[in-house]
Amino acid sequence: STFAISAGTGGDLFGIFGRTETLYRKTDELSLDVKPLPAAGRPADFRNAVGSFTLTAGIDKNQAATGEAVALKVKLEGKGNLKMIPDISLPAFPDFTLYSSKRVDNIRTLASDQIGGDKIWEYVIVPKTPGNQTIPSLSFSFFDAELGKYETLQTRPLNLSVIRGTDSTAS
């Protein structure tokens, strides 16, 4: 393919009276073999993520009172175009009020010129009901191009002991 570059010539000692030339250069053509992602075995929650990843989740405390904020942190890490990956889908948390998240993207070039890094979502969840509550597992599906198959990751469920808050109206 052919492309144009504008290049300035030096001019005189003070850099004036120079002019700009347009140079045309040609590169060798590159042939890419682009394969579609297979339909067979595609998980229902697959959202076009391709790479190799790990998924973890954690909370900042194991016990809280009703009405008390708890930080839920979800981390997706690995090789692949993390910029193109949408937010993780959360399951229903009926015994919690869920507040919007903060997301931090740490994307960089890894070894062998691969793109990767991590994406971290931080949610504030507030328990509404006393008792032993469970934050359900989260899942994330992707296509592993090296293995040639779809993979689904799941975090472990998180247990939170919830006591009745002093000014809570939870029943």
_Running a GNM on the chain with Cα contacts under 10 Å, which residue among Thr155, Thr20, Thr134 ends up with the highest mean-square fluctuation?_
Thr20
_Using a 10 angstrom Cβ neighbour count of at most 12 plus a DSSP loop assignment to flag exposed chymotrypsin sites (Phe, Trp or Tyr not before Pro), which longest range of the chain is free of such sites?_
18-171
*Calculated FRET efficiency, Asp33 and Leu153, Cβ-Cβ r, R0 30 Å, to nearest 0.05?*
0.60
*Using the structure shown, select from Lys73/Lys128; Lys61/Lys119; Lys35/Lys79; Lys79/Lys102; Lys26/Lys149; Lys61/Lys149 the pairs with a Cα to Cα distance greater than 31 angstrom.*
Lys26/Lys149; Lys61/Lys149
*Quick one: if you stick a label point 7 Å off each Cα along the C-beta vector at Met84 and Thr134, how many nm between them?*
3.6 nm
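What size of dipole, in debye to the nearest 20, comes out for the chain about its Cα centre when the only charges are +1 on Lys and Arg C-beta atoms and -1 on Asp and Glu C-beta atoms?
For the chain, the charge dipole is close to 260 debye.
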*Name the residue farthest towards the positive end of the dipole of the chain from the options Leu72, Phe53, Gln114, assuming +1 on Cβ of Lys and Arg, -1 on Cβ of Asp and Glu, about the Cα centre.*
Leu72
*Which loop-located GluC sites (Glu not before Pro) does segment 68-168 contain, where loop means any DSSP state but H, G, I, E or B and the Cβ has at most 15 other Cβ atoms within 10 Å?*
Glu68, Glu146
*Set Lys and Arg Cβ to +1 and Asp and Glu Cβ to -1, take the dipole of segment 115-171 about its Cα centre, and tell me which of Ile135, Ile163, Leu153 lies farthest positive.*
Ile163
*Would you look at the GNM of the chain, springs on alpha carbons closer than 10 Å, and say which of Asp118, Asp33, Asp105 moves the most?*
Asp33
*asked:* Just to be sure I understand: with springs between alpha-carbon atoms less than 10 Å apart, which residue in Gly51, Gly148, Gly78 has the highest mean-square fluctuation in the Gaussian network model of the chain?
replied: Gly148
*Top to bottom by accessible area (1.4 Å), largest first, where do Val126, Val50, Val74, Val34 land?*
Val34, Val50, Val126, Val74
*asked:* As an exercise, take the mean of 1/r over every pair of distinct alpha carbons in segment 40-171, invert it, and state the Kirkwood radius in angstroms.
replied: 16.1 Å
*Two-decimal Rg/Rh of segment 115-155 from alpha-carbon positions, Kirkwood Rh?*
1.15
_Filtered trypsin sites (Lys or Arg not before Pro), segment 54-159: DSSP coil and at most 13 other beta carbons within 10 Å_ = Lys61
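The values are calculated or read from the model by the stated rules, or taken from the named source; none is laboratory data. Keep in mind it's a predicted model, so treat the numbers as computed, not measured. In this analysis, Cβ positions are derived from the backbone assuming ideal geometry, glycine residues included, and neighbour counts consider all displayed protein chains. Please note that ligands, DNA and RNA were not included when accessible areas were found on the heavy atoms of the full protein model with its side chains. Shrake-Rupley method; radii C 1.70, N 1.55, O 1.52, S 1.80 Å.
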